[in-house]
1. Kindly indicate whether residue 176 is modelled with pLDDT of 95 or more, surrounded by 13 or more Cβ atoms within 10 Å (Cβ to Cβ), assigned to a helix (DSSP H, G or I) and touching a strand residue (DSSP E or B) at 6+ places or on another chain (Cβ under 6 Å).
2. Which pairs have Cβ atoms under 8 Å, sit 6 or more apart or on different chains, and link a residue in segment 126-141 that is on the phi > 0 side of the Ramachandran plot and surrounded by fewer than 22 Cβ atoms within 10 Å (Cβ to Cβ) to one that is outside any strand (DSSP E or B) and at pLDDT 95 or above?
3. Does residue 55 fit the bill of being crowded, with 16+ Cβ neighbours inside 10 Å, closer than 24 Å to residue 212 by Cα and either touching a residue at least 40 places away in the same chain (Cβ under 8 Å) or within 14 Å of the chain's Cα centre (by Cα) (or both)?
4. Could you list, in sequence order, the residues of segment 65-89 that are under 25 Å from residue 210 (Cα atoms) and within 15 Å of the chain's Cα centre (by Cα)?
């Protein structure tokens with residue numbers, strides 16, 4: 001996808017002008033809690049950092065960088081983040097650099113990128129030995145798969161795949177440490193529900209995979 005696809009109009013259309021409401025602080029704290037089970041310090045890169053909401057919490061524990069394809073997102077993130085958080089323009093699959101990161105997060109990012117082979121190569125290049133990858137993706141199988149597909153109006157979701165597809169993609173290149181389900185709903189256009197659950201990953205509407213570079 002081109003950078004133009006993810007500018008201000010994208011956030012207005014897909015999130016109904018409620019990006020921050022649909023991405024509340026407790027969601028990012030829950031994701032960070034999972035990461036802290038495996039890594040508690042070091043350098044972290046949040047790929048597809050959007051408006052910087054996760055980095056606001058991660059910066060309390062890690063030296064953080066963020067990247068995004070969207071100029072609008074990076075401008076908004078800069079307003080919210082401390083000056084020691086670097087923000088880099090670019091998309092996963094073509095980010096420059098060497099193995100400098102202890103943790104890379106990709107929250108609802110990889111399903112937007114057509115060339116998955118370059119995605120994995122880029123991640124492996126940027127991660128240090130035994131570095132941690134934490135990613136989330138929507139999944140379109142399971143008991144609610146058809147409903148997820150019907151309610152997903154994001155045309156930039158190129159890969160609408162089942163959970164086994166993503167697990168196989170990751171485990172063929174990394175050592176999978178954990179797989180969790182994510183239940184998420186926006187209720188009455190006011191309340192966002194986000195639950196991370198290991199026991200229900202086979203049925204949840206989205207998947208979190210935690211993996212280590214071998």
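The values are calculated or read from the model by the stated rules, or taken from the named source; none is laboratory data. Remember, it's a predicted structure, so these values are computed and weren't measured experimentally. Cβ atoms come from the backbone with ideal geometry, glycine included; neighbour counts cover every protein chain shown.
1. Criteria not met by residue 176.
2. What qualifies is 130/213.
3. yes
4. Passing the criteria: 65, 66, 67, 68, 69.
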